[in-house]
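All remarks here apply to the structure that follows.
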Amino acid sequence: MYASREDIGYDFGDDSKARSKPIKPNPNIDGGWAWMIVLSSFLVHILIMGSQMALGVLNMEWLEEFNQSRGLTAWVSSLSMGITLIVGPFIGLFISMCGCRTTAIIGGVLNALGWILSAYASNVHYLFLTFGVTAGIGSGMVYLPAVVMVGQYFQKRRALAQGLSTTGTGFGAFLMTALLKYLCTEFGWRNAMFIQGAISLNLCVCGALMRPLSPKDLHEKCVVRSDSEENRAKALSHSTETIKSNGVLAEEPEKKEEAANEEVLGSVQHIEAGGKSGSGRRMYGLRILKTVSQLTVTVRKGFALWYSSYFGAASLFTNRVFVAFIIWALFAYSSFVIPFIHLPEIVKQYNLSRQDNVFPLTSIIAIVHIFGKVILGIISDLPCISTWNVFLMANFTLVTCILTLPLMQTYVGLAVVCALIGFSSGYFSLMPVVTEDLVGTKHLANAYGIIICANGISALFGPPFAGWIYDITQKYDFSFYIAGLLYMVGIIFLLLQPCIQKKQPREKSTEEAQV
């Protein structure tokens, strides 16, 4: 098991100067506007993730309307959920160039447009494009900024803040299911989607609340973090290249590029100053040139950060623990989604439909999942507790429940296992925290984009794979066993890598001592 953050004391440089300077904390870090960011993220999870978990209501309407196979119709929901997560790395590029606020507002408009256009669908294939792709990309453009902004605004209570914001998924599942059922009954599914599109425009309001922190505030947060969190993050780094990905050694190239950019803007400003005596038309043209130059510099800088995070010398993929985290994400999410999709069939096989109708097992998972996120977040924020250890323990509990669930053939047994699945899957709120510990705040958007992309691939192909296994064996048992074993492989990757990382800094110091 990985050691707590206090147990790691590797020295990665002389920070005495930074520590000696008294830093006045920003009142918006861990307080003030930070809680408005949590509220914004909470509403985003209700409107996006909650709506996606309620798509079963619309799926029934689409089956009746278009008379297509269940498999083909189910791809509409799968595409929407999968694309929301898979586009993560590309949304990271938008965030690097435009910022979280602009990206989220554009995504809100695109998501609403997807819902509204879907109201005029004439066939399922039309829904693939309008709802699956358009609304899915829009959802991704709002979801990633909502997670990243919470990570930027919180230092001491990051896990609790992420836990509170992501509980919107559970609340949204109940609220949006009831809303869509009511709208479909009263107005029909087409008008229901049109109204839902109008409601989704509130995502633009949520995006407007994502007020960016100034570079000075972000720098102060990183300096404050260096006493506790950075030691752990750097201990997980395996080489100089990994430290570059955290922005420690990659400052020189950035300074050179910033100097070049300032030179370009300076030349434009000089021309503008010299042309004050010129005509108004010329001044107007110079202002346009200045605006275009500033926009070009911003785009170039954002693209350079995005490119270096993925393909440059400071690539995130040079961090072995982060790569292991990606492998884990490829198997983890499907293990959570599969019970939601196939539990009703298992209940039917065991003749437990009467008890399940009183209190559905999927509802047990959803309710306990809300409490799991908050409680695990509170535990992880305790000074004596390692977030990494809490994350791993929750994963072990979940994989044990996945492997145990097929053995339960009574409603009480299934209910207990489902409650444990809901609680342990609360570790989803810790994923952004662990990611930030691995790569730093600066690269959180790009890194978490990769993680949710892996989750999207898992969500897209996991349930169909479980259905294919059922078609071969006529049992769901093997679906859960195979998903659980693959999940265990991902956890083993996470367990092995920190052990390697923990040894390497000591080996390096020994070599330096010999020299």
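Meeting the requirement of 3 or more residues that are among the β-branched types (Val, Ile, Thr) and over 29 Å from residue 164 (Cβ atoms), the helices (runs of 4 or more DSSP H) wholly within the range 396-481 are 444-473.
The helices (runs of 4 or more DSSP H) falling completely within the range 119-218 that include 2 or more residues that are buried (at least 24 other Cβ atoms within 10 Å of the Cβ) map to 136-153, 158-166, 168-187, 189-200, 202-208. Every condition in (1) modelled with pLDDT of 90 or more; (2) closer than 20 Å to residue 82 by Cβ holds for residue 209 except the one numbered (2). Pairing residues of the range 424-453 that are touching a residue at least 24 places away in the same chain (Cβ under 8 Å) with residues that are open to solvent by 10 Å² or more (accessible area, probe 1.4 Å) and not in a helix (DSSP H, G or I), at Cβ distances under 7 Å and at least 6 apart in sequence or on separate chains, gives 439/246; 440/246; 440/247; 442/247.
Every condition in (1) within 18 Å of residue 85 (Cα to Cα); (2) surrounded by 24 or more Cβ atoms within 10 Å (Cβ to Cβ) holds for residue 405 except the one numbered (1).
Look at the range 355-377: where a residue is among the aliphatic types (A, V, I, L, M) and a partner is open to solvent by 70 Å² or more (accessible area, probe 1.4 Å) and modelled with pLDDT of 80 or more, sitting 6+ places away or on another chain with Cβ atoms under 6 Å, you get 368/423. Condition first: surrounded by fewer than 18 Cβ atoms within 10 Å (Cβ to Cβ) and not hydroxyl-bearing (Ser, Thr, Tyr). Now tell me which residues in the range 470-487 satisfy that. 471, 472, 474, 475, 477, 478, 482, 485 - these are the residues of the range 470-487 that are surrounded by fewer than 18 Cβ atoms within 10 Å (Cβ to Cβ) and not hydroxyl-bearing (Ser, Thr, Tyr). In the range 63-74, the count of residues that are in contact with a Ser or Thr (Cβ under 9 Å, 6 or more places away or on another chain), open to solvent by less than 20 Å² (accessible area, probe 1.4 Å) and at pLDDT 80 or above is zero.
The values are calculated or read from the model by the stated rules, or taken from the named source; none is laboratory data. Source: prediction; values computed, not measured. Virtual Cβ from ideal backbone geometry, glycine too; neighbours counted across all protein chains shown. Heavy atoms of the whole protein, side chains included, go into the accessibility calculation; ligands, DNA and RNA do not. Shrake-Rupley method; radii C 1.70, N 1.55, O 1.52, S 1.80 Å.
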